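Enquirer: Got a structure for you, written out below as structure tokens; questions coming shortly.
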């Protein structure tokens, strides 16, 4: 595993060190058949950095990437850092107002776009980008308009460049020679990436990520999970997400491991991919591991080399069964794009769903506090998880151009995660739920995730989302509503409540049931519940109290 002193914790230093160590050994392979060696990663990004210099890209300029997982994505990411600029990877699902907001917020000088995503550019108006910006140090400065649109994949049709920008082609920039004098040497405190977090009650926020922050993501993942140069990492997470890029990709780089990158997750293709690339370790977030588990079992489910899989979250309903079926160890952790990963699972611990693991106290402090008062709570009690770093440059530097949201998150000198959790007597952190997804009913805090897992285990349920809704007869608290995607025409709420009543506390059994055709999700598999919360009780909602359904007391 690569060992660099902390004053050299940058991605550029890591790539150059591993290029010297491993030379032309293959680092990344891609589903389209292309590959990238350790030395080639350094060399090809040098060339593209020279091309960016010729476009006038300078320190702290923002370069946006709207592209699928690919070789070009990774080379662009590193080349931008070699110019001292800031890489801004964008969710490939965005268009219209959602994409407009992130353009407006980061005001990129250059955008790289995959040819298949060119249609998204026609849904925004870049001529309205605010030219009064705030730079990464918080000072007012003149903004820059989009000057160049770079096409990374021609696709089947021509592309119209963004308003007032010139069109360039990736291949032409990447072929630039004479790059040696164009590189900038970053330091750990330099902002290198802005990643946008999913907005639920407001616009998405751009997380300012220093070099040291990105390095530590990978460093601790490689160390805690004992990744070695003999491992093969399978990446199906999007590279615009912290799990895919700084955790899996950088973690593999630091360990000297090989990586296989596919364009996106597919539950039906997942095991075939794992076998084909010889993967020994992989990561899955949100519903990904559960979707894998709910694929039909076969006698060949253990025919692979996969030994470890990070899965967040894990449920009692399928966790141990997943390990047994696929013959591997499931691992957990806790973290966010903003705060890094302050807790990773111990390789020697037995599987306990919800247990993130011990706090990495070399780098972080973690507390559980009352979410209203910030008072420290006793061991074992559920409250808000708050974190702060012990190392400089290893935490987010704030939200870009959102100083009020930065101050809000850093109340009382602690970063407030918005997550509910607890710490046990052995110092192990447990994740319970997002605070906004925790349902408060009859004096009880109920985990929406646990309700969903019980429902999802029913043979007639494809997936579900549990939410809290406020109604007049709830005394200021909430009632539980379950939004359910049924399998086929199975839409009997009584059957589902009978199932729940046998498997969960009486206070957690949903009062309301509504059958829906689909659940909105982020590209990383997290449920997006805000629409259901906003809708509340609708004309399509079934109410067990109105129907006279009574849950027997034990």
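Each value in this text was obtained by applying a stated rule to the coordinates, not by laboratory testing. What you see is a predicted model; the values in this text were computed from it and never measured. Cβ coordinates were reconstructed from backbone atoms using ideal geometry, including for glycine residues, and neighbour counts include every protein chain displayed.
Enquirer: Normalised by the number of residues in the chain, what is the relative contact order in percent for Cα pairs under 8 Å and 6+ residues apart?
Expert: The normalised contact order for the chain reaches 11 percent.
Enquirer: Residue 381 to residue 321: extension gain in nm, 0.36 nm per residue of separation minus the Cα-Cα distance?
Expert: Going from the current span to full extension adds 18.7 nm.
Enquirer: Between residue 471 and residue 506, what is the label-to-label distance in nm when each label sits 7 Å out along the Cα-to-Cβ direction?
Expert: Computed distance between label sites residue 471 and residue 506 equals 1.8 nm.
Enquirer: If you line up the long axis of helix 96-106 against the longest principal axis of the chain, both from Cα atoms, how many degrees apart are they, to the nearest 10?
Expert: Helix 96-106 and the main axis of the chain meet at about 50 degrees.
Enquirer: Rounded to a whole number of µm²/s, how large is the Stokes-Einstein D of segment 438-547 at 25 °C and 0.890 mPa s, given Rh as the Kirkwood radius over C-alpha pairs?
Expert: Here the translational diffusion coefficient equals 175 µm²/s.
Enquirer: Quick one, what does Rg over Rh come out to for the chain if you take C-alpha atoms and the Kirkwood Rh?
Expert: Radius of gyration relative to Kirkwood radius: 0.97.
Enquirer: In percent, how large is the relative contact order of segment 438-547, given Cα pairs closer than 8 Å and 6 or more residues apart?
Expert: Averaging sequence separation for qualifying contacts and normalising by length gives 25 percent for segment 438-547.
Enquirer: A follow-up question, please. Note the angle between two axes, namely the Cα long axis of helix 71-82 and the longest principal axis of the Cα atoms of the chain, as a number of degrees from 0 to 90, rounded to the nearest 10.
Expert: With rounding to tens, the tilt is 70 degrees.
Enquirer: Pairing the Cα long axis of helix 493-503 with the longest principal axis of the chain, what angle in degrees results, from 0 to 90 and rounded to the nearest 10?
Expert: Roughly 90 degrees between the two axes.
Enquirer: How high is the relative contact order of segment 318-375, given as a whole-number percent (alpha carbon pairs under 8 Å, six or more residues apart)?
Expert: Contact order relative to length: 27 percent.
Enquirer: What is the calculated FRET efficiency for residue 229 to residue 184, with r their C-beta to C-beta distance and R₀ = 35 Å, to the nearest 0.05?
Expert: 0.75
Enquirer: Provide the FRET efficiency to the nearest 0.05 for the residue 125-residue 408 pair, computing r from the beta carbons and using R0 = 51 Å.
Expert: It comes out at approximately 0.95.
Enquirer: Right, next: Run the helix sum for the chain: -39,500 (n - 2.57) per DSSP H stretch of 4+ residues, divided by residue count, reported at 222 nm to the nearest 500 deg cm²/dmol.
Expert: Calculated from helices alone, the mean residue ellipticity at 222 nm is -7000 deg cm²/dmol.
Enquirer: What FRET efficiency would be calculated for the residue pair residue 530, residue 24, taking the C-beta separation as r and a Förster radius of 51 Å, to the nearest 0.05?
Expert: 0.55
Enquirer: Would you mind pulling out the separation of the Cα centroids of segment 362-420 and segment 29-82, in Å?
Expert: Segment 362-420 and segment 29-82 have Cα centres spaced 34 Å from each other.
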